[in-house]
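Below is one structure; the comments refer to it alone.
The values are calculated or read from the model by the stated rules, or taken from the named source; none is laboratory data. It should be emphasised that the depicted structure is a prediction, and the values quoted were computed from it without experimental measurement. Here the Cβ positions follow ideal geometry from the backbone for every residue, glycine too, while neighbour counts run over all protein chains shown. Quick note on the areas: whole protein, heavy atoms, side chains included, nothing else; ligands and nucleic acids left out. Shrake-Rupley method; radii C 1.70, N 1.55, O 1.52, S 1.80 Å.
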Amino acid sequence: MCHLQHGRKREKTTEEVVKARKAKEAVKIKEYNQLVDDCREKMKNREYNQDTFHLTSQLVEWNLDYYTIWNYRRILLQEFVLKGLDADEQQKVYNKELMLFLQLIKKNPKSYWMWNHRIWCLQNMPKPDWQAELGLVEKMLTMDARNFHGWDYRRFVVGHLRKNASDDPEALAHIVQQEYKFTTQKINQSFSNYSAWHQRSKLLPEIVASMTVEEKNQVALDELDLVKNAIYTDPEDQSAWLYYWWLLGRAPDHVTLYGAYQMESDPSVVILGFNDRVKFMQKPRLLNDKDETVDCRLYPFDSKNESASIWILQAANTAKRVVIDANVILPSTSAKSIPHDKVWNLKLEKLDCNTDSLVSRLPGEWKPPATHMYNDPTLNDQTSWFTLDKLKLFKDEIETVRELLDIEPESAWALQTLVHFLTQLAAYEKQDQASIYAEIVDILDTLCDIDSDRKLRYKDLSE
């Protein structure tokens, strides 16, 4: 007996139908496995020819995510298909590969290996058309605005467009402006587009770089209006909330050098004290009374790790001052920030202490780390591009979140944001810290009730 469901006839699935379906699938599986075996055998024997290349075409149509076959295909392109061709002929081959991508991506727009293959083609073809690629990815993001593969690919394409325009400041500024407008368009279409918010956070410092102080501050206020419109529209979506947190940043909690001391009984020993366990990427400089560099050895005090809050310098000769560029140290956590362009230049203070017990607690000497120093954005204050009063900002935005909670009292993201903003406020309002922390604990108790999946996290925060 047949039934109608949504206007379509639904056939009863009998045991015979299931058996026939399985038999049909078994034939397909056998055929697929045979193709895989044939392709592997040919690649093992280095049979780089048209038959093997055709096998890879068949297999990627069967299985887009079989990355080994994509690797085989690239080997065949390099060792067989492209060999001996001039630039124009190679361009045609790569264009066919790009067309293959367009045919197959419809099956799964989020296939890592498909996107990887397209990137490889563009990186190796004689004349990649980056502007055309930008148009392509724009169309794809029109169909699926939150496809993070598409956004990653867009950043890749824009990176090459920027590289090509590196000698033309106007062209470079135009590319950045266009990308910023694109994020505005996508955010206005859907406030839940996390990739668009993220891309915007990367572009914003560049957008305001040439503006006046007043213009920068106005942009900051405009961004706050945009994000507040988003959180009021959909208070349960995390995308805008995370941008909100990023936009306001944190109350400053910089790494600080407390002091630099020289042992009175042994002037060759210099002690540095920080407010955090820091790691040095380069040695500090010791200078004598003629401002000449004094050779020294560096040791973390009483620590087997590369990080310490107290560091010992053993100087070859008597030093008078120490100079440390803040950019050559790393804090213990991204909760601590590095003061921008800070250079500590301190006169050594005398300290009366027994050096024997001190030196006995020194582990191995500091050695330059194998890793290279890089500009870690999490260690910088992302709000340094505007000069609005941070204390007033936090107070104003706390009131904004409170007003939203009057409408949506059980919005977990609003409550978490209120906790975050109040925590930052406490760093400024030292005299009111007790009452602020009491409120934070109350909010965390509420979150334990309405967001039980994260109860343990909230309990940890309240301790």
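Which of the following residues is assigned by the TED database to the domain that holds Y194, part of a loop (DSSP other than H, G, I, E, B), touching a residue at least 12 places away in the same chain (Cβ under 8 Å) and open to solvent by 70 Å² or more (accessible area, probe 1.4 Å): K110, K106?
None of the others qualify; the one that does is K110.
Scan region 276-309 for residues that are over 18 Å from I329 (Cβ atoms) and in contact with a Pro (Cβ under 7 Å, 6 or more places away or on another chain) and report the count.
1
For region 401-434, give me each residue that is open to solvent by 70 Å² or more (accessible area, probe 1.4 Å) and either under 21 Å from K459 (Cβ atoms) or not in a helix (DSSP H, G or I) (or both).
Correct list: E408, P409, E410, A434.
In region 408-463, which residues are touching a residue at least 60 places away in the same chain (Cβ under 8 Å) and out of contact with any helix residue (DSSP H, G or I) (no Cβ under 8 Å at 6 or more places or on another chain)?
Result: A427, single match.
What about N33, is it of a type outside the set (A, V, I, L, M, F, W, C), open to solvent by 60 Å² or more (accessible area, probe 1.4 Å), closer than 30 Å to D144 by Cβ and in a helix (DSSP H, G or I)?
Answer is no for this residue.
Looking at V278 and the list (1) at pLDDT 90 or above; (2) touching a helix residue (DSSP H, G or I) at 6+ places or on another chain (Cβ under 7 Å); (3) closer than 30 Å to H420 by Cα, which single condition is not satisfied?
Unmet condition: (2).
From the list R155, R74, which residue is open to solvent by 50 Å² or more (accessible area, probe 1.4 Å) and in the same structural domain as D51 (by the TED database)?
R155
Considering region 91-103 alone, what residues qualify as being touching a helix residue (DSSP H, G or I) at 6+ places or on another chain (Cβ under 9 Å) and open to solvent by less than 50 Å² (accessible area, probe 1.4 Å)?
Passing the criteria: V93, Y94, E97, L98, L100, F101.
Output the number of residues of region 159-194 satisfying the condition of being outside any helix (DSSP H, G or I) and over 27 Å from N229 (Cβ atoms).
Counting residues in region 159-194 that are outside any helix (DSSP H, G or I) and over 27 Å from N229 (Cβ atoms) gives 4.
Residue by residue through region 36-64, note down the ones that are farther than 25 Å from P126 by Cα and open to solvent by 70 Å² or more (accessible area, probe 1.4 Å).
D37, R40, E41, K44, N45, R46, D51, E61, W62
Report yes if I207 is open to solvent by less than 60 Å² (accessible area, probe 1.4 Å) and either of a type in the set (D, E) or under 21 Å from the mean Cα position of the chain (by Cα) (or both), otherwise no.
yes
Just for region 113-135: of the residues that are part of a helix (DSSP H, G or I) and open to solvent by 60 Å² or more (accessible area, probe 1.4 Å), which one is farthest from Y66 (Cα to Cα)?
Of everything passing the filter in region 113-135, Q131 is farthest from Y66 (Cα to Cα).
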